[in-house]
Amino acid sequence: MSLSQVTVIAPATTANLGPGFDVFGLALKQPHDKVTLTVIPKKVKIQVTGATAENIPALPKKNTANTVANHIIKDFNLKTGIQIKIDRGIVPGVGLGSSAASAAAIAYGLSHLFNLHLDNKELARLAAKGEIASAGYPHADNVSAAIYGDFVIVRSYNPLEIVNFKAPPDMEVCVAYPHMATPVHKTEKARSLVPKQVPIDKVVHNVGSAAAIASGFASSDIDLIGESMSDAIVEPERAKLIPSYQKVKGDALKAGACGVAISGAGPAMIAIVNSKKANASKVVKAMKGAFESTGLKATAFATTPGRGTYILEMEK
């Protein structure tokens with residue numbers, strides 16, 4: 001069937017979960033972006049509406065969606081152009097995978113639009129190319145989670161290998177972020193804070209914690225996942241950029257969260273909640289209050305792990 005237009009839903013994602021730098025990703029049920037791809041005679045044209053659309057880079061080389069679309073058009077020798085309309089529900093620049101959602105939606109949508117029959121691993125590989133535009137490096141944790149859904153482990157980058165687990169059914173994810181100015185190419189700058197040399201004891205700590213998180217997802221043990229969200233390498237450096245980081249973490253744990261970490265490059269923070277043992281709304285309130293104790297406004301909400309990118313509508 002030849003299509004002229006597809007509309008795709010791509011989820012927000014959270015990366016790292018503490019010790020899993022560039023390796024762990026988790027898709028969230030909310031928020032999400034809606035991306036409509038329409039066949040046009042030539043060129044790639046982009047229109048963005050919704051959450052802080054004015055902050056989306058206009059230059060093609062700095063725009064994730066444009067980067068992925070042009071890669072696929074070139075790689076598959078598609079003799080066409082694409083009109084991309086992004087209705088953004090994911091606030092960019094806070095650590096919830098907004099660029100990854102755009103990249104995943106473009107790769108997924110173009111595969112269906114032109115019958116490319118790309119599997120999830122190939123979609124993730126192509127979508128990761130878009131992260132070069134926003135992060136300076138094709139990291140695949142967010143895009144893989146956005147494609148596959150639920151929890152992913154990037155087992156290898158060369159070649160790209162992804163392991164996918166369903167999230168435990170009683171897991172809730174609380175998200176909070178302060179309303180603060182973030183620098184252009186925030187993710188790229190946050191990556192520059194990653195230590196170039198790491199003491200062996202910190203490596204051992206992170207390997208143990210990361211292995212326990214993977215085991216927690218494999219066995220649906222929410223408490224083990226939360227208790228293992230401890231990073232001794234990257235998060236201590238990035239925490240310096242987040243107002244009231246320690247208070248947000250401490251208050252979330254006191255309210256019943258079983259684990260807290262920076263979401264991706266931040267400044268958003270996530271808390272994992274076992275709904276059988278704690279009330280997510282109390283954790284959300286505690287995190288929001290902790291951020292606002294600094295004098296900043298904050299947004300906070302509860303969601304659950306969610307499905308990967310999918311087609312909402314198709315037109316011949």
*What ³J(HN,Hα) values, in whole Hz, does the Karplus curve 6.51 cos²θ - 1.76 cosθ + 1.60 give for segment 268-279 when θ = phi - 60°, with x put for Gly and Pro?*
4, 10, 10, 10, 8, 10, 8, 5, 7, 10, 8, 9
*Kindly provide the trypsin sites (Lys or Arg not before Pro) of segment 214-313 that DSSP labels as loop, not H, G, I, E or B, and whose Cβ sees at most 14 other Cβ atoms within 10 Å.*
K276, K277, K297
*Peptides ranked, highest mean first, by Cβ atoms within 10 Å: ranges 168-177, 64-73*: 64-73, 168-177
*Could you list which residues have their amide H under 5 Å from that of G149, counting only those 5 or more apart in sequence or on another chain, with H placed in the peptide plane?*
G308, T309
*Using 0.36 nm per residue of separation minus the Cα-Cα distance, give me the extension gain between Q5 and K166 in nm, one decimal.*
54.9 nm
*So, in nm, how far is label N77 from label S281 when the simple model puts each one 7 Å beyond its Cα toward the Cβ?*
5.9 nm
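Under the rule a/c < 1.5 gives rounded, and otherwise a/b versus b/c splits prolate from oblate, where does segment 171-303 land using the Cα gyration tensor? Each step should come with its number before you reach the end.
Values: a/c = 2.04, a/b = 1.01, b/c = 2.01.
In terms of gyration-tensor shape, oblate.
Suppose R0 equals 30 Å; then what is the FRET efficiency for K45 and E227 from their Cβ-Cβ distance, rounded to the nearest 0.05?
0.05
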*Give the long-range amide H neighbours of T299: residues separated by 5 or more places, or on another chain, with amide H under 5 Å away, using H modelled in the peptide plane at 1.01 Å from N.*
Y177, H179
*Relative to the present Cα-Cα distance, how much length would full extension add between S215 and K240 at 0.36 nm per residue of separation?*
6.0 nm
*What number comes out for the charge environment of M229, summing +1 per Lys or Arg and -1 per Asp or Glu over other residues with Cβ under 12 Å away?*
-3
*Taking θ as phi - 60°, what are the ³J(HN,Hα) couplings along segment 91-108 by the Karplus curve (6.51, -1.76, 1.60), each to the nearest whole Hz, with x for Gly and Pro?*
5, x, x, 10, x, 10, x, 5, 5, 5, 4, 4, 4, 5, 5, 5, 4, 5
*List the residues whose amide H sits under 5 Å from the amide H of V48, counting only those 5 or more places along or on another chain, with H placed 1.01 Å from N in the peptide plane.*
I86
*Ordered by residue, what ³J(HN,Hα) values in Hz, to whole numbers, does segment 5-11 give under the Karplus form 6.51 cos²θ - 1.76 cosθ + 1.60, where θ = phi - 60° and Gly and Pro are x?*
7, 9, 10, 10, 9, 10, x
*Using the Cβ atoms and a cut-off under 13 Å, what net charge is assigned to the surroundings of N279, where Lys and Arg are +1 and Asp and Glu are -1?*
+3
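Taking the Cβ-Cβ separation of S293 and V204 as r and a Förster radius of 35 Å, what is the calculated FRET efficiency to the nearest 0.05?
Working: r = 35 Å, r/R0 = 1.00.
Efficiency, from the Cβ-Cβ distance: 0.50.
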_Let's test the formula: R0 of 51 Å, r as the Cβ-Cβ distance of Y310 and Q197. What FRET efficiency results, to the nearest 0.05?_
0.75
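Values in this text are rule-based calculations from the coordinates and carry no lab data. Note that the structure is predicted; figures quoted are calculated from it, not measured. Cβ atoms come from the backbone with ideal geometry, glycine included; neighbour counts cover every protein chain shown.
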